[in-house]
Amino acid sequence: MEYIFTLKYQLANHDSDLDALVERLGAAGCDDALVGVGQPGRLALEFSREADSAEEAVCTALADVKSAAPSARLIEASPDLVGLTDVADIVGVSRQAMRKLMLTHRATFPLPVHEGSASIWHLAEVLDWLNARGGYQIDAGVWEVARVALAVNIAKEAIRHPMRDQGNMELLTA
């Protein structure tokens with residue numbers, strides 16, 4: 001199956017020769033990615049990768065990038081963090097319909113990662129919720145990639161910000 005996802009990286013100063021970096025990425029197996037280097041010091045790779053599972057697709061892409069640019073630091077795997085408009089586009093409903101669902105079902109709708117004038121959610125959690133309700137066409141590949149992207153982003157943050165004492169973690173679910 002073909003899986004579409006994006007990996008965004010922060011580049012090290014010594015990776016400033018973008019033509020050489022793109023060549024290394026191609027040689028490392030990232031020839032199935034569109035390369036974006038518009039913002040200085042950043043790299044975005046939109047993969048369209050054939051694999052038996054989304055996890056295999058994303059993990060092999062992560063390994064390929066690591067071999068081509070070992071000092072590049074992963075910023076984000078996507079699709080993961082989304083607004084209501086993004087979710088509406090993915091499931092084929094209007095933004096207004098998605099907002100109405102969220103407001104009507106506040107008690108059960110997934111909690112946002114950030115709430116404010118521009119709230120964001122984990123796409124996989126919203127797709128899980130919509131699937132449980134029924135009546136929505138959710139692309140299985142997008143759903144699977146969203147779950148993997150969520151897991152990658154959580155693992156990345158856990159590595160970046162390890163907790164010294166996890167004794168009070170139960171307070172998070174209270």
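The values are calculated or read from the model by the stated rules, or taken from the named source; none is laboratory data. Being a predicted model, the structure only gives us computed values, none of them experimental. Positions of Cβ are generated from backbone atoms using ideal geometry, with glycine treated the same way; all protein chains shown enter the neighbour counts.
Just a few scattered comments:
- For Val93: the one exception among (1) part of a loop (DSSP other than H, G, I, E, B); (2) in contact (Cβ under 8 Å) with a residue 60 or more places away in the chain; (3) of a type in the set (A, V, I, L, M, F, W, C): (2)
- Exactly one residue among Ala132, Ala149 is buried (at least 19 other Cβ atoms within 10 Å of the Cβ) and in a helix (DSSP H, G or I), and that residue is Ala149.
- Within region 89-118, the residues that satisfy the criterion of being surrounded by 13 or more Cβ atoms within 10 Å (Cβ to Cβ) and either closer than 18 Å to Phe5 by Cα or among the polar types (S, T, N, Q) (or both) are Asp89, Ile90, Val91.
- Candidates in region 2-53 are the residues that are closer than 27 Å to Val142 by Cα and basic (Lys, Arg); of these, the one that is surrounded by the fewest Cβ atoms within 10 Å (Cβ to Cβ) is Arg42.
- Scan of region 40-65 for residues that are over 20 Å from Val22 (Cβ atoms) and among the β-branched types (Val, Ile, Thr), ordered by number: Val58
- Only a single item in (1) closer than 18 Å to Pro79 by Cβ; (2) in contact (Cβ under 8 Å) with a residue 40 or more places away in the chain is not met by Gln10, and it is number (1).
- Residue among Val22, Val126 that alone is in a helix (DSSP H, G or I) and modelled with pLDDT of 95 or more: Val126
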